[in-house]
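The structure appears below as structure tokens.
Just so it is clear, none of the values below were taken in a lab; they were calculated from the coordinates. Worth saying up front: this structure is predicted, and the values here are computed from it rather than measured. Cβ atoms come from the backbone with ideal geometry, glycine included; neighbour counts cover every protein chain shown.
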Number of protein chains: 2
Amino acid sequence: MTALSECEINVVEMGGVEPNPKLSFVREAVKVARENKVQMILAVGGGSVLDSSKYTAAGALMDCDPWDFPMRKATVQKALPVGCILTIAAAGSEMSSSAVISNTELNMKRGYNSDFNRCKFAIMNPELTYTVSKYQTACGVVDIMAHTMERYFMPCEPTDLTDRIAESVMKATISAGATLMENPEDYDARANMMWASSLSHNDLTGCGRENALPVHQLEHALSGEYDQIAHGAGLAVLFPAWAKYIYKYNPARFAQFARRVWDCTQADDEEAAIFGIEKMAEYFKSLGMPSALSDFGLDRSCIDTLSDLCTFGRQRSVKSYIDMDFEVIKAIFEMCL
Amino acid sequence: MTALSECEINVVEMGGVEPNPKLSFVREAVKVARENKVQMILAVGGGSVLDSSKYTAAGALMDCDPWDFPMRKATVQKALPVGCILTIAAAGSEMSSSAVISNTELNMKRGYNSDFNRCKFAIMNPELTYTVSKYQTACGVVDIMAHTMERYFMPCEPTDLTDRIAESVMKATISAGATLMENPEDYDARANMMWASSLSHNDLTGCGRENALPVHQLEHALSGEYDQIAHGAGLAVLFPAWAKYIYKYNPARFAQFARRVWDCTQADDEEAAIFGIEKMAEYFKSLGMPSALSDFGLDRSCIDTLSDLCTFGRQRSVKSYIDMDFEVIKAIFEMCL
């Protein structure tokens with residue numbers, strides 16, 4: 001604030017962004033932006049602050065409700081410029097085209113992609129993340145891994161260079177995450193994790209590949225319904241279950257993941273695939289992440305609701321190596337019990 | 001030309017760019033650009049066309065001779081926008097901030113970096129490179145490897161993620177190059193090589209590292225003096241010699257290169273380093289690249305001149321793990337005989 005005031009920049013400050021950012025906050029922020037004729041938004045925070053800023057930036061200039069964007073009722077044609085000072089490495093929103101918001105009235109968490117969602121700049125100082133808690137750091141590691149793995153595990157033509165870059169992002173993130181559980185102020189680990197967060201979601205690791213995030217779709221149902229669940233923690237539970245269900249439709253791909261990312265030496269693809277998935281699950285656990293829905297206090301009774309939410313009331317399936325319909329999604333949630 | 005004419009875009013065509021692009025051409029092109037009030041330059045070709053276009057783009061708007069830019073007599077403050085249709089994967093100029101030009105009157109090849117040298121767009125269709133000859137394809141592979149290795153081998157703080165991405169670019173390039181010697185129309189190999197050319201020189205592989213290209217400095221002396229030498233071919237001779245001279249100042253780094261890029265399993269750093277350098281030299285040879293100055297018809301008599309050119313008449317040293325002065329550079333050239 002001092003720096004901005006020294007530059008004689010008028011600032012309207014708006015705090016109070018919550019995790020799993022809320023549409024209600026965005027609607028309020030849009031009003032504030034319009035009333036004060038705000039010219040740019042400086043997002044100081046992580047994914048929730050960024051995504052709230054992106055919705056506000058478009059909402060301030062577009063003549064509709066911000067919820068229309070993820071509902072595909074309106075296409076963003078203009079938006080205020082958004083800049084960012086990043087304080088947590090996780091969502092990769094600082095370089096991504098995506099933005100997610102929760103509508104608590106409808107218990108729905110939804111997102112949309114647009115190049116208007118790209119920040120004009122992002123100031124990324126790893127030292128600003130020294131005080132991120134171990135739990136939130138671990139959630140960030142899982143989110144970075146998920147953004148990378150989900151692109152990696154889409155059905156695609158071969159993409160050798162993109163594969164190798166994705167494997168690089170994963171290996172560097174795994175190493176940084178382990179280091180940070182021991183020493184949260186390791187500059188190099190914080191720097192590598194911060195840069196990995198951007199590269200995992202700015203489409204570099206999706207070059208030549210389809211950009212869909214099937215496990216994120218499952219997780220949005222989960223933390224959309226249960227607001228207390230951190231996005232990364234939800235992914236830590238869902239990703240191994242999803243992988244155990246899906247790997248059999250492409251064991252060779254999961255075997256490559258196991259060999260290159262987890263140093264698996266098993267020759268058999270099926271065995272290697274299982275090895276890699278187990279290593280991933282063990283790693284998430286080693287970071288203190290939950291490994292089952294019961295860790296969130298949930299039991300079997302939530303499964304139908306979550307599967308219904310994820311398929312928009314059985315209205316859609318989610319693309320992966322197979323089309324995941326209600327029954328498949330239900331089976332995956334059941335594997336998380 | 002048909003597409004441009006259908007869009008009613010007036011085009012002044014200017015062909016005749018030579019390899020190791022010439023200042024004389026640029027001076028002519030600047031005149032043409034000014035006379036025709038050209039508004040943008042579309043570079044259709046590879047590094048030589050791109051670099052000529054970059055000098056022309058700045059020369060057209062700046063009130064000085066284009067040679068002033070690499071001579072540090074003028075700083076580029078404005079330039080016409082440059083777009084690109086890439087027809088050879090090699091120099092990475094389509095995404096880089098650098099541009100190199102040869103002054104044949106002075107037998108000098110020099111470059112400079114500026115964000116004005118960044119293309120506004122690059123259309124990269126791998127199929128356009130199917131007809132690139134095996135020799136030029138191999139030169140491209142060497143240039144991509146060199147851009148990546150030179151950043152990789154600069155003295156720096158640890159950069160785990162950048163290291164791994166650089167290793168990814170190298171592994172993908174090595175694989176694509178080998179494939180293309182057998183099948184020049186392998187789409188995936190052409191695509192991976194094209195994307196590697198951009199990533200090798202757009203600073204992604206230099207993130208957190210110092211951006212200096214010591215072996216390129218040696219090579220600019222060589223192909224600046226002997227115009228018939230292709231840049232990549234010059235690098236293929238110089239890189240192994242440089243590495244054999246320099247590795248002893250950081251064997252651990254060269255050992256990492258050997259283990260991660262060339263699958264070396266030797267435990268001893270010194271032995272691993274030598275193994276990696278030999279593998280690299282063998283690989284360049286396997287692509288049909290020259291391995292000694294004698295392959296260009298040169299002998300010992302050129303060495304003093306080249307060392308003199310590279311040090312600007314003993315006026316500078318070139319930074320590497322050690323400062324390379326006239327005597328070091330001479331020793332490296334001698335290792336190329």
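Observations on the structure shown:
- Charge sum, other residues only, whose C-beta stays under 12 Å from A:Arg34's C-beta, Lys/Arg counted +1 and Asp/Glu -1: 0
- Unsatisfied cross-links (Cα-Cα over 29 Å) in the set A:Lys171/A:Lys330; B:Lys31/B:Lys73; B:Lys22/B:Lys248; B:Lys73/B:Lys319; B:Lys120/B:Lys285; A:Lys22/A:Lys120: A:Lys171/A:Lys330; B:Lys22/B:Lys248; B:Lys120/B:Lys285
- Alpha carbon convex hull of region A:92-206, projected area averaged over orientations, nm²: 8.5 nm²
- Counting every alpha-carbon pair across region B:200-319, the share separated by more than 21 Å comes to 47%.
- Packing-based exposure ordering (other Cβ within 10 Å, fewest first) of A:Tyr130, B:Tyr226: A:Tyr130, B:Tyr226
- With the convex hull of its Cα atoms as the shape, chain A has an orientation-averaged projected area of 16.8 nm².
- If the segment from A:Asp268 to A:Cys7 were pulled out straight at 0.36 nm per residue, it would be longer than the present Cα-Cα gap by 87.7 nm.
- Going from the fewest other Cβ atoms within 10 Å to the most, the residues B:Thr173, A:Thr159 appear in the order A:Thr159, B:Thr173.
- Ratio of the Cα radius of gyration of region B:137-196 to 2.2 N^0.38 Å, where N counts its residues: 1.19
- Here the residues B:Tyr152, A:Tyr249, ranked from fewest to most Cβ neighbours within 10 Å of their Cβ, fall in the order A:Tyr249, B:Tyr152.
- Whole-Å semi-axes of region A:42-132's equivalent ellipsoid (Cα gyration tensor): 24, 15, 9
- Kirkwood estimate for the protein assembly as shown, i.e. one over the average of 1/r between Cα atoms, Å: 27.1 Å
- Using the average count of surrounding beta-carbon atoms within 10 Å as a protection proxy, the listed peptides B:231-238, A:291-298 rank, highest first, as B:231-238, A:291-298.
- The mean sequence distance of close C-alpha pairs (under 8 Å, at least 6 residues apart), as a share of the length of chain B, puts its relative contact order at 15 percent.
- Packing, taken as the mean count of other beta carbons within 10 Å per residue, orders the peptides B:305-313, A:52-60 from highest to lowest as A:52-60, B:305-313.
- Most fluctuating residue given options A:Glu271, A:Glu210, A:Glu105, as computed from a GNM of chain A linking Cα atoms under 10 Å: A:Glu105
- For region B:266-337 and region A:42-80, distance of Cα centres in Å: 55 Å
- Toward the positive end of the charge dipole of chain A, with +1 on the Cβ of Lys and Arg and -1 on the Cβ of Asp and Glu, the farthest Cα among A:Thr87, A:Cys64, A:Asn125 is that of A:Cys64.
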